[in-house]
Every structure is written in structure tokens, then in C-alpha cells.
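Following: one structure in C-alpha cells, then a few remarks.
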Amino acid sequence: MLNQRVAEVTARVQARSATLRGAYMQRVASARGQGPLRGHLSCTNLAHGFAAAPTGDKILLREIRKANLAIVSAYNDMLSAHQPFEAFPVWIKEAAREVGATAQFAGGVPAMCDGVTQGQPGMELSLFSRDVIAMSTAIALSHNMFDATLCLGVCDKIVPGLLIGALQFGHLPTVFVPAGPMTSGLSNDEKARIRQLHAAGKLSRDELLEAESKAYHGIGTCTFYGTANSNQMLMEVMGLHLPGAAFVTPGTPLREALTREAARQAARITALGDQYIAVADIVDEKVIVNAIVGLLATGGSTNHTIHLIAIARAAGIVIDWTDFDELSAVVPLLARIYPNGSADVNHFHAAGGMGFLIRELLDAGLMHEDVMTVLGRGLRRYTQEPFLLDGELTWRDAPVDSLDADVLRKADAPFSVDGGLKLLQGNLGRSVIKVSAVKPQNRVVHAPAMVFDGQDELLAAYKRGELERDFVAVIRFQGPRANGMPELHKLTPTLANLQDKGFKVALVTDGRMSGASGKVPAAIHVTPECVAGGPLAKVRNGDLVLLDAEQSVLRVDVSEAEWLARDVARPDLTANGFGMGRELFGAFRAAATGAELGGMSFGFME
């Protein structure tokens with residue numbers, strides 16, 4: 001039986017979305033055509049479209065009878081997560097031919113890494129890279145040569161961008177093809193310890209780099225549970241992967257087998273056969289609710305309180321932080337993966353992984369089972385895990401019991417009875433906080449504000465010895481319109497050091513903290529943002545700020561008369577508009593919606 005709160009939130013989302021969803025589905029219906037879509041092209045158009053194809057593929061493309069698959073890839077060989085995609089197009093094309101279809105590399109999308117740009121000016125392009133990726137996906141598919149799409153992407157903004165773009169071609173079947181995590185390196189506890197020592201000036205840069213190189217050491221996704229691996233979890237609970245595909249490491253026979261099967265499955269579900277499954281029919285209100293539940297049950301990235309909203313809106317579905325908050329109250333935390341624990345995603349996968357997790361959530365009535373997936377109707381199929389039997393890909397039921405109860409647990413014996421993500425409200429606006437990694441004694445901080453206009457200002461104050469005290473760090477003018485909303489993860493070791501010394505510290509910001517938000521309480525994504533006149537821009541040094549994650553309160557203790565009389569701070573932000581390509585993103589910043597509206601630079605059927 002479906003949990004009552006899950007049913008109530010779903011019904012509310014359906015009612016709230018009725019008009020937009022109806023308009024979106026009408027657009028999808030009008031885009032569906034009879035026969036292969038390239039059959040609608042003129043002879044000149046079509047000849048351009050297959051001019052470079054191999055002879056065998058050219059014959060099939062010219063006959064306009066069989067499915068043609070679009071490969072849209074985030075491959076580059078600088079980033080470990082995306083380097084494995086180099087081999088995938090060949091496998092996909094071979095597998096497509098096995099089932100009488102063809103595949104073409106339709107287009108590439110940019111893939112930037114927050115791990116490389118963290119704390120650098122380039123990070124200010126990060127959030128908007130999602131929208132660039134969505135538009136790049138649309139450009140790749142705009143040739144109308146394709147009957148299905150295979151999206152190859154892993155990391156933070158890439159998967160949301162690919163899905164937002166694919167949803168604008170909602171009539172096409174879409175299968176997401178992951179690359180998998182790198183093998184485990186330096187333990188997460190040791191990595192965090194070394195970072196804190198360096199922040200405290202007790203380790204050299206060379207020593208820090210040596211440790212980081214042991215942590216990030218090969219091909220595949222970073223193994224901590226940040227936004228990249230939250231993406232893979234989401235694609236699986238949304239039914240957009242093959243079952244169990246999320247966390248199989250690259251460079252293995254199973255990874256190759258799953259990639260080839262993804263291509264074959266994409267060919268099977270085009271409108272040319274009797275198993276047609278459009279991506280618009282998969283991503284509905286129930287699936288979006290399932291995605292939120294999966295995020296909460298695993299302690300996933302806070303970035304998805306922005307990205308899931310944007311993804312939903314791309315499909316004509318309207319959700320907000322109240323939906324996350326209400327679901328969090330009934331969804332138990334079933335996984336402990338760094339930064340919510342010491343294990344990495346490889347440990348999670350070995351303990352039972354996605355199949356175990358999804359079965360527990362279905363059996364507890366916390367997920368909708370009657371949803372469409374790339375394999376057809378029903379999420380129960382995703383309680384299985386893939387393996388090779390005599391070299392052939394097959395599936396078996398996930399373990400009945402967790403193979404490591406320190407990493408993954410049953411729904412009736414969770415790490416926490418709630419999902420650890422909360423909505424904070426008060427006279428400073430609306431904000432989200434992830435408390436799954438924050439100890440209970442650190443979840444309420446009532447202390448004087450120290451106001452900074454960037455993370456470097458705080459770090460400089462720390463080096464001057466000015467932060468040896470209880471305080472709430474207010475980092476303002478970090479929202480989408482101010483500077484593109486970079487993550488402020490650079491602050492984590494410093495604030496953690498101060499907290500470890502016994503000081504009561506917290507962070508309040510209209511920026512993002514990180515997909516790896518950790519043990520320091522952080523009220524993030526404060527909206528309205530400061531540059532839009534948000535009340536956080538009125539806070540002054542010394543104001544008492546209350547961050548209460550137990551009672552869901554975020555406020556400043558200033559009399560109403562004084563608060564109303566205060567002006568909003570308006571610092572000079574012109575430096576945010578140039579250097580490192582930021583000049584090209586002025587229109588994005590000017591058009592960006594607030595964080596609770598998805599931080600988007602474009603709107604969907606307002």
C-alpha cells in the first residue's frame with residue numbers, strides 16, 4: 001500500500017501541474033510522426049544526413065524502414081568520469097546493427113567538472129553549463145534523423161542537461177548510458193582528514209596533492225556520493241537506465257555488455273515496433289516523486305533541489321521545496337555513503353546497491369511501482385542486478401539482506417527515520433539544509449553573523465585568526481543572477497576545523513554548498529537571492545542569526561522596525577561578468593530564475 005504522505009504529495013503535484021503537463025503532452029503528441037522520422041526530410045536533407053555513413057548503414061538509412069539511434073555524448077578525455085565514453089559509440093553502433101537498426105553520433109555536449117573548477121572563476125559557468133548542455137542536446141536532435149536517443153553522461157550538470165534537452169523531444173524514446181565509478185582509492189575519512197590538516201596549515205601543498213591523487217586515481221566517476229553519483233541513482237529510480245547499470249565500474253566486460261544492451265533496447269522501443277516507449281511517457285509526476293524519494297533515502301546531493309525542479313518543469317511538472325520537505329519526513333535514510341558516512345559508492349553497490357534499495361522502498365510503499373520505464377511498465381524489474389552468465393548478460397534478484405549494514409539497510413531498520421533534507425523558513429527567506437551528515441548537537445546554531453561577499457573573504461579572515469569564535473557565516477551574492485551560483489565547497493575543511501575545535505558554526509548563503517554537503521550545518525540556496533533584493537542582503541555583522549534545523553527555522557533577530565528601515569546591500573558585482581568566458585553568460589545570469597524555480601536561464605510554458 002502506498003504511503004499516505006507519498007500519495008498526498010503526488011496528488012498535489014498532479015493537480016498543480018495539470019495545465020502545464022497537458023500543454024507539454026499535447027506538444028509531444030503533435031511531434032509524433034508515422035514511420036522513421038527521417039522519412040519526413042527532403043531528399044537533399046536526407047542525403048546530407050547519411051553522406052558519411054558506412055555503406056551498410058547508408059542502405060538502411062536510405063530505405064527509411066529501420067530505426068536510427070542518436071548518440072549524444074559528453075565524452076572528453078580530461079575528465080575521468082567521461083573518458084570511458086570514448087569506446088561506447090562503436091559498441092552502440094555494432095549492437096544497433098545486430099537488431100537491424102543504425103546509430104549515428106548525433107552530437108557532443110560540454111562536460112565540465114566541479115572538482116576541477118571548485119573555488120575558481122570557471123565554477124561560475126557550472127550551473128549554466130546545464131542549460132548549455134540542454135541546448136546542445138536539442139541541436140544534436142534537431143536534424144530529425146532519429147527514432148530514439150542514447151544519452152551518454154555522468155556528472156553534475158550533464159545528466160540534468162541531457163534529460164532537459166531530451167524532454168524537448170519527448171516523443172523519442174531515450175535511454176541513459178552511464179560509464180560507472182572509478183575503483184576505490186584513498187578512503188574518504190583519510191581524504192577529509194588530510195584536507196582539514198592542509199586547511200589548518202599543517203600539511204604542504206605537495207602532501208595534499210599526493211593524497212588527492214590517490215583518491216582520484218583512474219577512469220570513472222569520483223566515488224563519493226555527490227551530484228554525479230546522485231545523478232546515476234536518479235536515472236535508475238526513474239527507469240531511464242537498464243536495471244543495475246548505475247554503479248558498474250568502467251573497463252569491465254559487464255560495463256560493455258550493459259552499454260550494448262542499452263543500444264538494443266533503445267532500438268526495440270521506437271515507434272517503429274510494438275513496444276514504443278517515449279521519454280515523455282516515462283517522466284511523469286509519479287516518476288518525479290520517485291526521484292525525490294530516492295534522493296532522500298540515499299542522502300543524495302542538495303544540488304538536486306535545483307536540478308530536479310528544472311527537469312520536472314521541462315516535462316510540464318511543477319514541484320517545490322515543500323514537496324521535498326514533506327516527503328523527507330516519511331522517507332527513511334537507508335544508505336550511508338560519504339559524506340554521510342565513510343563508505344563510497346562501490347561499497348554501496350557491493351552491499352546490495354540499487355536493486356536492494358528500490359525493492360525496500362517499493363515494499364515499504366514509498367515509491368510508485370506502476371510507472372513506465374525503458375523496459376516497459378513497472379519498477380519492480382529494477383529490483384534486480386545484472387551479471388554475466390557464460391558471457392551473456394542476464395539479471396538476478398538483488399540480495400534479500402544487506403551485505404553490509406553499515407552502508408545499506410532495510411526500510412524497517414534505517415540509519416534515520418527521515419531523509420535528512422529540510423526546508424528552512426523565516427525572515428531570511430526559504431532555504432534547504434541537508435542534515436544527514438550533521439550530528440544532532442550541531443543542528444541548531446544561534447550566533448552572531450559574520451558577513452562575507454565570497455568564500456575567499458572568509459578564508460582570508462580565517463588565516464588572520466578572526467574566526468576563533470561562535471558565528472554564522474553569511475556568504476551573500478552567490479545566487480544564479482549574481483555570479484552563476486558556484487558551489488562553496490572550498491569552505492568545508494575550514495568550517496569543519498572550527499567546528500572540531502568546539503565552536504558553534506554554520507553557513508547561510510544564497511549560493512550552493514556542494515553535492516557533498518557535510519558535517520557543518522549549511523542553509524543553502526536561500527531565496528530570493530541577494531541580487532534580487534532578498535532579505536539576506538540586509539544582514540549585518542553582529543546580527544544574531546538562528547539556524548534551527550530541528551524546528552526548520554532560519555531567521556535574524558532584528559526588530560521589525562529596524563529590519564524594514566534597513567537598505568539592501570548592493571556591492572559592485574561587475575567583476576563577475578568577465579574573465580574565464582563569463583562574458584558569454586551575461587544573458588544567462590540576467591534571465592536566471594531563483595533556486596526554487598530551478599535556477600534556469602529559460603522558462604518552460606510559464
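The values are calculated or read from the model by the stated rules, or taken from the named source; none is laboratory data. Everything quoted here is computed from the prediction, not taken from an experiment. Neighbour counts are summed over all protein chains in view; Cβ atoms, including those assigned to glycine, are modelled from backbone coordinates with ideal geometry.
How many residues, within the range 152-170, are of a type outside the set (D, E, K, R), part of a loop (DSSP other than H, G, I, E, B) and within 18 Å of CYS113 (Cβ to Cβ)? Walk me through how you get there before you give the answer.
Here is the first cut: in the range 152-170, the ones of a type outside the set (D, E, K, R) are 152-155, 158-170.
Within this subset, residues satisfying the condition of being part of a loop (DSSP other than H, G, I, E, B) are 153-155, 168-170.
Next, only the ones that are within 18 Å of CYS113 (Cβ to Cβ) stay: 153-155.
Number of matching residues: 3.
Counting just the residues of the range 579-604 that are hydrophobic (A, V, I, L, M, F, W, C) and free of Cβ contacts under 8 Å to residues at least 40 places away in the same chain, which one comes out farthest from ASP320 (Cα to Cα)? Can you show your working first?
Just the residues of the range 579-604 that are hydrophobic (A, V, I, L, M, F, W, C), to begin with: 580, 584-585, 587-588, 590-592, 595, 597, 600, 602, 604.
After this cut, where a residue has to be free of Cβ contacts under 8 Å to residues at least 40 places away in the same chain as well, the list is 584, 587, 591.
On the way: LEU584: 30, ALA587: 25, ALA591: 20 Å.
Applying the filter and picking the extreme gives LEU584.
So which residues in the range 454-482 are of a type outside the set (A, V, I, L, M), within 28 Å of the chain's Cα centre (by Cα) and at pLDDT 95 or above? I'd like the intermediate steps shown before the answer.
Our first condition is that a residue be of a type outside the set (A, V, I, L, M); within the range 454-482, this holds for 454-457, 462-466, 468-471, 476-481.
Remaining after also requiring within 28 Å of the chain's Cα centre (by Cα): 454-456, 476-481.
ARG476, PHE477, GLN478, GLY479, PRO480, ARG481, listed by residue number.
So ARG38 passes all but one of these: (1) within 30 Å of PRO181 (Cα to Cα); (2) modelled with pLDDT under 95; (3) part of a helix (DSSP H, G or I). Which condition number does it fail?
With (1) within 30 Å of PRO181 (Cα to Cα); (2) modelled with pLDDT under 95; (3) part of a helix (DSSP H, G or I) applied to ARG38, the lone miss is (1).
Please go through (1) of a type in the set (Gly, Ala, Ser); (2) assigned by TED's automatic domain parsing to the domain that holds LEU37; (3) not in a helix (DSSP H, G or I) for GLY201 and return the number of the only condition it doesn't satisfy.
Here GLY201 meets the rest and fails (2).
Scan LEU389, LEU362, LEU366, LEU379 and give me the residue that is crowded, with 16+ Cβ neighbours inside 10 Å, free of Cβ contacts under 8 Å to residues at least 40 places away in the same chain and within 30 Å of ILE277 (Cα to Cα).
Details: LEU389 fails: crowded, with 16+ Cβ neighbours inside 10 Å; LEU366 fails: free of Cβ contacts under 8 Å to residues at least 40 places away in the same chain; LEU379 fails: free of Cβ contacts under 8 Å to residues at least 40 places away in the same chain.
Selected residue: LEU362, the only one of LEU389, LEU362, LEU366, LEU379 that is crowded, with 16+ Cβ neighbours inside 10 Å, free of Cβ contacts under 8 Å to residues at least 40 places away in the same chain and within 30 Å of ILE277 (Cα to Cα).
Are any residues in the range 517-550 more than 26 Å from the chain's Cα centre (by Cα) and free of Cβ contacts under 8 Å to residues at least 60 places away in the same chain, and if so, which ones?
Residues satisfying the conditions are GLY533, LYS538.
To keep it simple, each residue is scored yes or no on (1) part of a strand (DSSP E or B); (2) crowded, with 18+ Cβ neighbours inside 10 Å; (3) touching a residue at least 12 places away in the same chain (Cβ under 8 Å).
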{"site": "LEU393", "(1), (2), (3)": "yes, no, yes"}
{"site": "ARG396", "(1), (2), (3)": "yes, no, yes"}
{"site": "ASP404", "(1), (2), (3)": "no, no, yes"}
{"site": "PRO414", "(1), (2), (3)": "no, yes, yes"}
{"site": "GLN425", "(1), (2), (3)": "yes, no, yes"}
{"site": "VAL432", "(1), (2), (3)": "yes, yes, yes"}
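Scan the range 89-117 for residues that are surrounded by 17 or more Cβ atoms within 10 Å (Cβ to Cβ), more than 16 Å from the chain's Cα centre (by Cα) and at pLDDT below 95 and jot them down.
THR117
Can you tell me which residues in the range 456-480 are surrounded by fewer than 24 Cβ atoms within 10 Å (Cβ to Cβ) and within 26 Å of GLU583 (Cβ to Cβ)?
ASP456, GLU457
Could you check the range 260-272 and list, in sequence order, the residues that are out of contact with any strand residue (DSSP E or B) (no Cβ under 6 Å at 6 or more places or on another chain) and either among the hydroxyl-bearing types (Ser, Thr, Tyr) or in a loop (DSSP other than H, G, I, E, B) (or both)?
Of everything in the range 260-272, those that are out of contact with any strand residue (DSSP E or B) (no Cβ under 6 Å at 6 or more places or on another chain) and either among the hydroxyl-bearing types (Ser, Thr, Tyr) or in a loop (DSSP other than H, G, I, E, B) (or both) turn out to be ILE269, ALA271, LEU272.
May I ask you to say which residue of ASP572, ASP548 is exposed (fewer than 11 other Cβ atoms within 10 Å of the Cβ) and either closer than 30 Å to SER129 by Cβ or among the charged types (D, E, K, R) (or both)?
Numbers: ASP548 fails: exposed (fewer than 11 other Cβ atoms within 10 Å of the Cβ).
Among ASP572, ASP548, only ASP572 is exposed (fewer than 11 other Cβ atoms within 10 Å of the Cβ) and either closer than 30 Å to SER129 by Cβ or among the charged types (D, E, K, R) (or both).
Out of VAL553, VAL539, VAL505, VAL526, report the one residue that is farther than 30 Å from ASN188 by Cβ and buried (at least 20 other Cβ atoms within 10 Å of the Cβ). Give the derivation first.
Working: VAL553 fails: buried (at least 20 other Cβ atoms within 10 Å of the Cβ); VAL505 fails: farther than 30 Å from ASN188 by Cβ; VAL526 fails: farther than 30 Å from ASN188 by Cβ.
Going through VAL553, VAL539, VAL505, VAL526 in turn, just one is farther than 30 Å from ASN188 by Cβ and buried (at least 20 other Cβ atoms within 10 Å of the Cβ): VAL539.
Identify the residue in the range 52-88 that is more than 22 Å from ALA138 (Cα to Cα) and under 21 Å from the mean Cα position of the chain (by Cα) and, among all such residues, is surrounded by the fewest Cβ atoms within 10 Å (Cβ to Cβ).
Taking the range 52-88 and keeping what is more than 22 Å from ALA138 (Cα to Cα), we get 54-60, 62-66, 77-81, 83-84, 87.
Imposing the further condition that a residue be under 21 Å from the mean Cα position of the chain (by Cα) reduces the set to 78-81, 83-84.
Working: MET78: 10, LEU79: 20, SER80: 22, ALA81: 28, GLN83: 17, PRO84: 25.
Filtering first and then ranking leaves MET78.
Is it fair to say VAL400 is part of a loop (DSSP other than H, G, I, E, B) and without any contact (Cβ under 8 Å) to a residue 24 or more places away in the chain?
Numbers: part of a loop (DSSP other than H, G, I, E, B): yes; without any contact (Cβ under 8 Å) to a residue 24 or more places away in the chain: yes.
Considered against the rule, which asks whether it is part of a loop (DSSP other than H, G, I, E, B) and without any contact (Cβ under 8 Å) to a residue 24 or more places away in the chain, VAL400 comes out as yes.
Sort out for me the helices (runs of 4 or more DSSP H) sitting completely within the range 58-151 that have 1 or more residues that are in contact with a Cys (Cβ under 9 Å, 6 or more places away or on another chain).
Of the helices (runs of 4 or more DSSP H) lying wholly inside the range 58-151, those with at least 1 residues that are in contact with a Cys (Cβ under 9 Å, 6 or more places away or on another chain) span 114-117, 126-141.
Quick one: in the range 13-43, which of the residues that are of a type outside the set (Gly, Ala, Ser) and surrounded by 18 or more Cβ atoms within 10 Å (Cβ to Cβ) is farthest from GLU360 (Cα to Cα)?
Of the residues in the range 13-43, the ones of a type outside the set (Gly, Ala, Ser) are 13-14, 16, 19-21, 24-28, 32, 34, 36-38, 40-41, 43.
Those still in the list that are surrounded by 18 or more Cβ atoms within 10 Å (Cβ to Cβ) too: 13, 20-21, 24, 28, 36-38.
On the way: VAL13: 24, LEU20: 33, ARG21: 30, TYR24: 33, VAL28: 34, PRO36: 40, LEU37: 41, ARG38: 43 Å.
By that ranking, first place goes to ARG38.
Checking the structure you have, find out if any residue of the range 343-351 is over 22 Å from VAL432 (Cβ atoms), surrounded by 22 or more Cβ atoms within 10 Å (Cβ to Cβ) and of a type in the set (Asp, Glu).
Among the residues of the range 343-351, at least one is over 22 Å from VAL432 (Cβ atoms), surrounded by 22 or more Cβ atoms within 10 Å (Cβ to Cβ) and of a type in the set (Asp, Glu), which makes the answer yes.
For every residue, the table says whether it meets (1) part of a loop (DSSP other than H, G, I, E, B); (2) free of Cβ contacts under 8 Å to residues at least 40 places away in the same chain; (3) within 30 Å of ALA15 (Cβ to Cβ); (4) of a type in the set (Asp, Glu).
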residue: ASP206; (1), (2), (3), (4): no, yes, no, yes
residue: GLY218; (1), (2), (3), (4): yes, no, no, no
residue: PHE224; (1), (2), (3), (4): yes, no, no, no
residue: ARG255; (1), (2), (3), (4): no, no, no, no
residue: ASN290; (1), (2), (3), (4): no, no, yes, no
residue: HIS307; (1), (2), (3), (4): no, no, yes, no
residue: ASP323; (1), (2), (3), (4): no, no, yes, yes
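For GLY599, all conditions in the list (1) surrounded by 18 or more Cβ atoms within 10 Å (Cβ to Cβ); (2) not in a loop (DSSP other than H, G, I, E, B) hold save one; what is the number of the exception?
(2)
Return a yes/no flag: does the range 126-136 have any residue that is in the same structural domain as PRO243 (by TED's automatic domain parsing), free of Cβ contacts under 8 Å to residues at least 60 places away in the same chain and buried (at least 24 other Cβ atoms within 10 Å of the Cβ).
Yes; the residues of the range 126-136 include at least one that is in the same structural domain as PRO243 (by TED's automatic domain parsing), free of Cβ contacts under 8 Å to residues at least 60 places away in the same chain and buried (at least 24 other Cβ atoms within 10 Å of the Cβ).
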